[in-house]
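Structure first, commentary second.
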Amino acid sequence: MIESYLIDKMFNNEPFLDEMATDQGKIHPHWESLARYYEQIGSERMGQFHEEVGRQLRENGVTYNVYGDPNGMNRPWILDPVPMVFNSEEWEGIEKGLLQRTELLNLILSDLYGDQTLIKEGHIPFELIYNHGGFLRQAHNIKLEGEQQLIQYSSDLARGPNGKMWVLHDRTDAPSGSGYTFENRAAMTRVFPDLIRENHARKITSYYQTFKNTLSNLTTNNKENPRVVLLSPGPTNETFFEHAYISSFMGFTLAFGEDLTVSDGYVWLKTIKGLEKVDVIIRRVDDVFCDPLEYKNDSHLGVVGLMEAVRQRKVLVINPLGCRVLENPGLMAFLPEISKHLLGEDLILPSVATWWCGQPTEMKYVFEHIGSLVIRNIYRGTQKKSIFGGDLSKAELQALKREIRRSPFMYVGQEMVDFSTTPSWINNKLEARNAVFRSYVVADSENKNYKVMPGGLSRSSPEKGAFLVSNQTGGISKDTWVLGKAKDTVSLVTKPIKSQLLVRSVLPSRTGERLFWLGRYLERAAYSVRLMRMTLLSYNEADEDIHIHENPVLSTLLQTLTVMTGTLPGFTLKKNLKNPESELLALVHDVYKSGSLAYSIQSFLTNAYSVRDRLSLDTWRILDSISEELARMRKSNTTLTQAYQSLDNMVIKLMAFYGLNIDNMTREPTWHLLNIGRFIESAANNCLILKGMLNKSFDSESNKELMEDTLRCNESLVTYRYRYRSNLEMHGVLSLLILHEDNPRSLIFQLLEIDNHLKTLPNQDEKELFSTERKKLLEAITKIRLCDIDTISVANQLSNEFDAMTSLLNQIIGLLHETSDSIYEKYFSHTDTRYSMIQSSAIPEI
Amino acid sequence: MKYKVTHITDYIYEFPATLCHNLMFQIPPELSFQNVEEYSCEISPKPSSEIERTDFFGNKYLYFSVERSHKNLTVKSKSVVELSTPPWIAIKPAETMPWEKVVDLLHSTKSSTDIRQYYLESNHVQFVAGISVYALKSFTPGRPIMEAMLDLNTRIFHDFAFTPGFTDISTPLEKVFKHKKGVCQDFAHFSLACLRVIGLSARYVSGYLETLPPPGKPKLIGADASHAWIAVYIPGHDWVEFDATNNLLVNDKHIRVAVGRDFADVTPLKGIVYSGSEQEMRVSVDVRNMEEE
């Protein structure tokens, strides 16, 4: 395996260096142990390890989202089993270079938002900063305590043709990927534990510990135990997985803009207990989306009034707003000189050669060499991609030049670097692919310096010779190993951690609402599956010669299904009853049909993904398999037989989800809200099924079948037989399903459960008066306890309908609605956060 | 001249709003030729927090929030301002520096960024096609900057028709240029584009101007509006103000409130309100000449 890689490297005449192989086909010393290992295990085992790595990541639910692709949500994260490797000597240089660059960028940042001496003295052109969208005038003169303004820094590095590492991009606004780095390492450690140990790949965990310490050092409020939220744009963001992941393991609260509000100058988290003060915001929302009052007024991802809270120093935002001005390729052209000026040092890590068109000589150079350069806008907006001059037609080149001439300071030309290849496991063999390494640097405010993560996120291109490496275009991630012990270990004793950032349990109202719905959709789906199974069985067994509307059992089942799923008119229509197949199939797998099983499961998944930081890893695995099952169900459901099979699979998975949560979830409001949703839904469905199935008395054979199906839908047939050891009778069935407090499927049990969970929630003081929602429940419970079982189990002699039972159940359903509304009002009402911009639109007129 | 200005903004919501955050740019600055004798601002309902700040461009502004349910929001700014003849009235246009020299000076580190920032494009002041050709008809080679500027001011006044209702906040400059119609804000933005495209620093000025009723008719209360004009940087004379809408070199009748790159920097009142409903807004401005009373 290694041999052919080396030979290929020797004879392919490609301009790139390779990380493992020298041009002469030898192996670099720091790769020898790995190469030996790969050779030893051979490609078959390697293939198995590759799959194992993928499985680990899938099981941990590691995903990312691709924009603009309907199937782009929750794509599995791809990890190459072959890491990117640095030896300790080279790493020392890279680390030094990164520290120097971070220090330098930090000084530039402080200057730009302060005295601007660098601009006044001509070290940085005025146009390069004032035209850049990341230069936020609103952030002028706002400083964090101390010298460090840039807290998190990342850069993309690649090895250039001279063998040195070059900086391709600086990331200073809200750098992403560190969460994935941790997951990559975790997966690799599980699959290659010995290899990692033997090669002394350095641990990367200190990165987040430093970050935590820095946060508690910097915050001005509540230093001992600050409340930290991670502000995420939401579940559709590309890297939402890691927002949830980082929140979970760091003990931050995952929040979206709508969860936060500014009042009294403070930022508050809306929780089910009420408002809770926020001390620190780690933002993953882009700068100008963070406060619609002062920046983009149509942004709904931010917090209205955030800048004012920042000015009043009542909240700490990391990275501070304004850092994006450093994500500016034009700046690269000036860094060497600024480094000499500010630090008295040469820049250690070179940037990609950059010509800023804001200067006439440089613009001329760019125009003359445009065919061999990458043209980039200094401000990375949503639409502005890198342009390869060589790819453009004559007309396109002319248009580009016109555009550059119009706003020269907005453009740079950059050299196309032939960056090095690294062995990658592709198509079951080692192939050379160009790779980019993303580094992570974080401020250590206690020691007033920066720390570099000894590792990071590397990515290689899926195609050979491709220079754009990103997840959006299908890049493959790699773990990054720095080999050998660090030379300059400052102290071997771990410093005492200043603060543990103790996690106080808070539940944002929005998260609470999603959990409530998660519970509801879970039960809705489970009840749908059970009733559908009965219906399909009955349909398959039905005598084809008898019209369905003359078959009381089947027509009752079908109509109950319509009522329970809320899909009227459905089987109340004669034509659907006559020919039920298409409606039945739609009820199973049409994800766009509100009330269908697929719709309920999709809604269940959507709610689950948005609270994924609250769910255990194992739960994510179940969710993934439910998602896969749903996809299968939608794809293969052409016949009712197939549908029946997938129903069986689905119900088991849904119950597994619930079962796992019983084991895993701490008994906090999260758990209680999930259960309140669940029991409200099951109580309501219980009522609807009883009402629908046992609406009317038919011949004794049909009655028996309907009672049996009703018990089955509630998983209570065995209990019934065990308990009564007799024929099915209405009296017994209703006792068991409505009145028996020890049957977990009975209505009274479900209502009592709602109350049990409800009374543990905040703002339910038992000593005081009962809350509205508990009063409604009490009324429902009492109605059932007082009902006379003999009366409700007898049908009206004239109509043959069970009027008394139906009337009781209708009252219970009504009370459940009122309970639900009142819970909503109390705990979730401030999730309604519609807002709009007002502007004295009267423009100056005269 | 001495004026009393009353600027009232009213928002009426269909359903109560629970919370709003606002920024208000209505506080006139104290200048050597603008003496602010009185300024007060009344907000109803009473704001929960209220902080006066200075922005990046040197303007005073008010941040305030109302954190309880309200169906109306009223902001009433009242000021008494005495204006005297500004120093630029004494400038002899023909003796000012050739405009190209000003451009050179601006584009070097000799000029401060506070001045240089006003020669860049901004959201509402874009260098649309044809605009430099228009500008260069006034800014002929070697022409003294003040002379050229007065000429441009007059040309815009004659070429553009003052037409209320044709434009709104979002109307692009291209459309204003094409139809040569608009209100004072459009006149100002267009003037700024002409100057910046050739490399001069020019900024947007928001403020008030007394409107005079037709001869023989009484002046109506609240019939005035806020006004906008521009200021050009002329070395040695600082910022010199021109009003293309009225073909004027600004004298002692314009009351200044705020300066910025364009309207967006100095919107008199903007905010975010938490309310699902529609809203209605009413603005009234009253400028009284106190010397005539």
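The values are calculated or read from the model by the stated rules, or taken from the named source; none is laboratory data. None of these values were measured; they are calculated from a predicted model. Don't worry about glycine lacking a Cβ; one is built from the backbone with ideal geometry, like all the others, and counts go over all protein chains shown.
Points worth noting:
- Any hit, the range A:397-406, residues being touching a residue at least 24 places away in the same chain (Cβ under 8 Å), in contact with an Asp or Glu (Cβ under 8 Å, 6 or more places away or on another chain) and surrounded by 17 or more Cβ atoms within 10 Å (Cβ to Cβ): no
- Only residues that are more than 11 Å from chain B (Cβ to nearest Cβ), surrounded by fewer than 19 Cβ atoms within 10 Å (Cβ to Cβ) and not in a helix (DSSP H, G or I) were counted across the range A:76-116, and they come to 4.
- Filter result for B:Asp252 (out of contact with any Phe, Trp or Tyr (no Cβ under 6 Å at 6 or more places or on another chain), assigned by TED's automatic domain parsing to the domain that holds B:Gly182, modelled with pLDDT of 95 or more and surrounded by fewer than 20 Cβ atoms within 10 Å (Cβ to Cβ)): no
- Within the range A:336-369, being modelled with pLDDT of 95 or more and of a type in the set (Val, Ile, Thr) holds for A:Ile338, A:Ile348, A:Thr354, A:Thr361, A:Val366.
- For B:Phe177, the stated conditions do not hold, so it cannot be described as within 12 Å of another protein chain (Cβ to nearest Cβ) and in contact with a Phe, Trp or Tyr (Cβ under 9 Å, 6 or more places away or on another chain).
- Note on the range A:135-162: among residues that are away from chain B (no Cβ under 14 Å) and of a type in the set (Gly, Ala, Ser), the one that is surrounded by the fewest Cβ atoms within 10 Å (Cβ to Cβ) is A:Gly146.
- Of B:Phe127, B:Phe162, B:Phe157, all but one fail to be at the interface with another protein chain (Cβ under 10 Å from one of its Cβ atoms), of a type in the set (Phe, Trp, Tyr) and touching a helix residue (DSSP H, G or I) at 6+ places or on another chain (Cβ under 6 Å); the exception is B:Phe127.
- Boolean, B:Tyr134 is modelled with pLDDT of 95 or more, within 11 Å of another protein chain (Cβ to nearest Cβ) and either part of a helix (DSSP H, G or I) or in contact with a Cys (Cβ under 8 Å, 6 or more places away or on another chain) (or both): no
- Of all residues in the range A:740-750, those satisfying the criterion of being in contact with a helix residue (DSSP H, G or I) (Cβ under 6 Å, 6 or more places away or on another chain), buried (at least 18 other Cβ atoms within 10 Å of the Cβ) and under 18 Å from A:Asp788 (Cα atoms) are A:Ser746, A:Leu747, A:Ile748.
- Options A:Thr214, A:Thr210, A:Thr236: the member that is away from chain B (no Cβ under 14 Å) and within 16 Å of A:Gly456 (Cα to Cα): A:Thr210
- Checking each residue of the range B:116-124 against the condition of being within 14 Å of chain A (Cβ to nearest Cβ) and more than 18 Å from the chain's Cα centre (by Cα) gives at least one match.
- Options B:Glu210, B:Glu241, B:Glu278; residue that is away from every other protein chain (no Cβ under 13 Å) and either surrounded by fewer than 22 Cβ atoms within 10 Å (Cβ to Cβ) or modelled with pLDDT under 95 (or both): B:Glu241
- Subset of the range A:117-134 (residues that are surrounded by 16 or more Cβ atoms within 10 Å (Cβ to Cβ) and more than 10 Å from every other protein chain (Cβ to nearest Cβ)): A:Leu118, A:Ile124, A:Leu128, A:His132, A:Gly133, A:Gly134
- Considering the range A:263-276, the residues that are in contact with a strand residue (DSSP E or B) (Cβ under 7 Å, 6 or more places away or on another chain) and within 14 Å of chain B (Cβ to nearest Cβ) include one that is surrounded by the most Cβ atoms within 10 Å (Cβ to Cβ), namely A:Val267.
- The C-beta contact set for the range B:256-268 (first residue under 19 Å from B:Val75 (Cβ atoms), second residue assigned to a helix (DSSP H, G or I), distance under 7 angstrom, 6+ apart or interchain) comprises B:Ala258/B:Val266; B:Phe263/B:Gln185.
- Residue check, B:Gly236 free of Cβ contacts under 8 Å to residues at least 24 places away in the same chain, of a type outside the set (Lys, Arg) and on the phi > 0 side of the Ramachandran plot: no
- Residues of the range B:42-85 satisfying the condition of being among the basic types (Lys, Arg) and within 11 Å of chain A (Cβ to nearest Cβ): B:Arg53, B:Arg68
- In the range A:739-796, the residues that are part of a loop (DSSP other than H, G, I, E, B), of a type outside the set (Asp, Glu), without any contact (Cβ under 8 Å) to a residue 60 or more places away in the chain and within 21 Å of A:Glu825 (Cβ to Cβ): A:Lys759, A:Gln764, A:Leu769, A:Phe770, A:Ser771
- Yes/no for A:Asp279 being more than 11 Å from chain B (Cβ to nearest Cβ), surrounded by 24 or more Cβ atoms within 10 Å (Cβ to Cβ) and closer than 26 Å to A:Glu242 by Cβ: no
- Counting only residues that are within 18 Å of A:Met165 (Cα to Cα) and of a type in the set (A, V, I, L, M, F, W, C), the range A:327-384 holds 8 of them.
- Hits in the range B:213-238 - residues which are away from chain A (no Cβ under 14 Å) and buried (at least 21 other Cβ atoms within 10 Å of the Cβ): B:Ala231, B:Val232, B:Tyr233, B:Ile234
- Candidate set from the range B:253-275 (those that are part of a loop (DSSP other than H, G, I, E, B) and within 8 Å of chain A (Cβ to nearest Cβ)); member that is farthest from B:Gly58 (Cα to Cα): B:Ser275
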